[in-house]
Ligand code: HEM
């Protein structure tokens with residue numbers, strides 16, 4: 001009884017430590033957003049505050065998207081499994097910055113809620129300027145990912161959840177393309193983001209190929225616990241290698 005109590009206490013403590021680490025991660029990542037508010041209040045956002053806010057929130061969106069996708073390779077390469085606990089947190093923070101970025105454009109730049117037919121005007125602008133179309137598509141792709149990031153949705157969707165969350169790769173690639181497209185002149189920074197994205201995505205190709213080969217090597221018609229075990233481990237791996 002006592003032993004079990006101690007064990008539960010230990011587990012509870014570990015859980016609290018992880019919660020604390022996650023809260024610290026959220027607090028740190030929200031510092032740039034807080035700095036925007038501070039600089040806004042101090043009138044320190046330069047000659048064009050809306051442009052500055054758009055740039056800062058856009059930069060943090062792409063950094064956090066790539067950071068989220070870096071968690072799995074980091075875990076696989078270092079064997080440090082607990083790092084996976086930060087993936088969802090980072091993904092939701094990326095979505096938070098993407099929402100701030102979009103709202104800066106829609107509300108502050110385009111005047112959504114302030115003018116009459118601004119929705120029509122907004123749609124026109126999104127359709128007319130290709131880099132905005134691409135950025136908007138990336139943002140739209142992130143919406144279902146944020147909505148289905150809970151444990152309940154992971155359970156409900158099963159292996160379809162993994163397939164759906166592969167949209168994060170597409171969203172990040174479109175984010176880089178959006179940046180490459182909008183920059184006039186020096187493209188060094190968006191190119192570096194592109195390189196970083198390729199580096200975090202490339203290892204998955206090898207892992208997925210190996211996973212597919214392992215499944216193909218299961219004898220056809222194999223019965224008993226062999227088949228379910230293979231498929232279960234493949235399903236688990238595919239969630240892990242997202
Ligand atoms: C996942 C989605 C998105 C990502 C990753 C992203 C990323 C970025 C980045 C990195 C920048 C450049 C920042 C800099 O210059 O330092 C940027 C600028 C910008 N983005 Fe996005 N963006 C996204 C979605 C959107 C959406 C949905 C819109 C509007 C519908 C949008 C509109 C803009 C605008 C207007 C700029 C400034 C362009 C300029 O300087 O002329 N972005 N974005």
Study note, to complete from the structure: Here the qualifying pairs (Cβ atoms under 8 Å; residues six or more apart or on different chains; first in segment 132-151 and closer than 17 Å to residue 86 by Cα; second near the ligand (Cβ under 8 Å from one of its atoms) and part of a helix (DSSP H, G or I)) come out as 145/171
Exercise for review: Examine segment 93-116 for a residue that is under 30 Å from residue 17 (Cα atoms) and away from the ligand (no atom under 12 Å from the Cβ), and state whether such a residue exists.
Suggested key: yes
Check your understanding: Considering 170, 176, which residue is within 12 Å of the ligand (Cβ to nearest atom), exposed (fewer than 15 other Cβ atoms within 10 Å of the Cβ) and under 14 Å from the mean Cα position of the chain (by Cα)?
Key -> 170
Review point. For residue 184, which of the numbered conditions (1) at pLDDT below 90; (2) within 16 Å of the ligand (Cβ to nearest atom); (3) surrounded by 15 or more Cβ atoms within 10 Å (Cβ to Cβ) fails to hold?
Key: (3)
Review point. Just for segment 45-92: of the residues that are away from the ligand (no atom under 11 Å from the Cβ) and out of contact with any helix residue (DSSP H, G or I) (no Cβ under 8 Å at 6 or more places or on another chain), which one is farthest from residue 181 (Cα to Cα)?
Key: 79
Review point. Among all residue pairs at least 6 apart or on different chains, which show Cβ distances below 8 Å where the first residue, located in segment 81-103, is within 18 Å of residue 148 (Cβ to Cβ) and at pLDDT 95 or above and the second is within 16 Å of the ligand (Cβ to nearest atom) and outside any helix (DSSP H, G or I)?
Key: 88/149; 91/149; 92/149
Check your understanding: Which one is nearest to the ligand (Cβ to nearest atom) among residues in segment 139-151 that are farther than 19 Å from residue 107 by Cβ and either touching a strand residue (DSSP E or B) at 6+ places or on another chain (Cβ under 9 Å) or part of a helix (DSSP H, G or I) (or both)?
Key -> 141
Exercise for review: For segment 91-138, name all the residues that are surrounded by fewer than 14 Cβ atoms within 10 Å (Cβ to Cβ) and in a helix (DSSP H, G or I).
Suggested key: 119, 120, 123, 124, 127, 128, 130
Review point. Here are some conditions: (1) more than 21 Å from residue 189 (Cβ to Cβ); (2) loosely packed, with under 14 Cβ neighbours inside 10 Å. Residue 76 meets all but one. Which one does it not meet?
Key: (2)
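The values are calculated or read from the model by the stated rules, or taken from the named source; none is laboratory data. It should be emphasised that the depicted structure is a prediction, and the values quoted were computed from it without experimental measurement. A quick note on method: Cβ atoms are made from the backbone with ideal geometry, for glycine too, and the neighbour counts reach across all protein chains shown.
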